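Q: Mind having a look at this structure? Questions to follow.
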Amino acid sequence: MNTALVTGATDGIGRETARALGGFGWRVLVHGRDEARARGAVAALAAAVPKAAFEPVWGDLARMREVVALAQQVLALAPALDVLLNNAGVYEERRVLTEDGFERTMAINHYAPFLLTHRLLPAVRSAPAGRIVTVASMAHSGGHVAPGDLTFATGFSGYAAYASSKLANILFTAALAKRLEGTGVTANCCHPGVISTKLLRRGWGMGGAPVEAGARTPVYLATSPDVAPVSGRYFDNRRAVTPSPAARDPALAEALWLATERALAAFLA
């Protein structure tokens, strides 16, 4: 039985992604911000897909110490992890710094998946053909990543921070894929679509397509044999597409990687 971890799986695209993977007969580790949310989502998913294997894991992705604790939970449950699906994301209207000194949007959308991926790489490498999938967004085209100012100290808007975090997702995927060459592990990212989620309503005040549509590309990247050999690409509607020029800048991807490593040094050891 294949095992996947889906972050941010208590509602929206993440929950539908977990449901779909469970329907395929996968064992799914369902991540929530805290234990109550994770267990509640598992109960609802188990009722919807009675024969599937859903298990709760939890941790607040805004706190890097909890990301480390989440990774420890996952490693104990799944020494071999077929898919790590970095889905969790937020849109913040105000600039708030976390206990680690990170701007909250970047903490949850960029630093947390970077750290969680690093911590779980041994388990993904232990799977026969591990995959890392990160949910980005077409909003990345409006983003700007300055590796020397990832807290937006010189200017902040909710949209700019969100768009920049999604650009960071694509740059992270490119740099990660480069480092994974020859290991058998792949790393890809995607735009899930304009989907009716809490994030879309908060950030844009609008609705969109149903969550079932939003899960299609993440599930495709997690399961399809068509993309088994593909790594380092950005997908939209289950097709590899070309992201923005900034997202294709290898020097920027490397600079962001190194800056993130320095910022997370205390947690990466």
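Q: Restricting region 75-124 to residues that are polar (S, T, N, Q) and within 20 Å of Thr154 (Cβ to Cβ), which is surrounded by the fewest Cβ atoms within 10 Å (Cβ to Cβ)?
A: The residue in question is Thr98.
Q: Continuing with this model, one more query. Just give me the residues in region 15-39 being under 10 Å from Trp58 (Cβ atoms) and in a loop (DSSP other than H, G, I, E, B), in sequence order.
A: Correct list: Arg33, Asp34.
Q: Follow-up. Of these, Gly22, Gly40, which one is over 18 Å from the mean Cα position of the chain (by Cα) and surrounded by fewer than 22 Cβ atoms within 10 Å (Cβ to Cβ)?
A: Gly40
Q: Out of region 23-36, which residues are of a type in the set (Lys, Arg) and either closer than 16 Å to Ala112 by Cβ or in contact (Cβ under 8 Å) with a residue 60 or more places away in the chain (or both)?
A: Arg33
Q: What pairs come out if I take residues in region 4-22 that are at positive phi and pair them with residues that are polar (S, T, N, Q) whose C-beta lies under 7 Å away, six or more apart or interchain?
A: Gly8/Asn87; Gly12/Thr197
Q: Next up: Taking only pairs six or more apart or across chains, which ones have beta-carbon atoms under 7 Å, a first residue in region 121-132 that is touching a residue at least 60 places away in the same chain (Cβ under 8 Å), and a second residue that is of a type in the set (Ser, Thr, Tyr)?
A: Cβ pairs passing all conditions: Arg125/Thr183; Arg131/Thr186.
Q: If I filter region 256-267 for residues that are part of a loop (DSSP other than H, G, I, E, B), under 18 Å from Ser165 (Cβ atoms) and modelled with pLDDT of 95 or more, do I get at least one hit?
A: Yes.
Q: Starting from residues that are assigned to a helix (DSSP H, G or I) and within 17 Å of the chain's Cα centre (by Cα), keep the ones in region 123-144 and report whichever is farthest from Ala187 (Cα to Cα).
A: The qualifying residue farthest from Ala187 (Cα to Cα) is Ala139.
Q: Working only within region 49-74, note down all residues that are under 15 Å from Val28 (Cα atoms), among the β-branched types (Val, Ile, Thr) and crowded, with 22+ Cβ neighbours inside 10 Å.
A: The answer is Val57, Val74.
Q: Would it be correct to say that Lys198 is modelled with pLDDT under 95 and of a type in the set (Lys, Arg)?
A: Spelling it out, Lys198 is indeed modelled with pLDDT under 95 and of a type in the set (Lys, Arg).
The values are calculated or read from the model by the stated rules, or taken from the named source; none is laboratory data. Everything quoted here is computed from the prediction, not taken from an experiment. Virtual Cβ from ideal backbone geometry, glycine too; neighbours counted across all protein chains shown.
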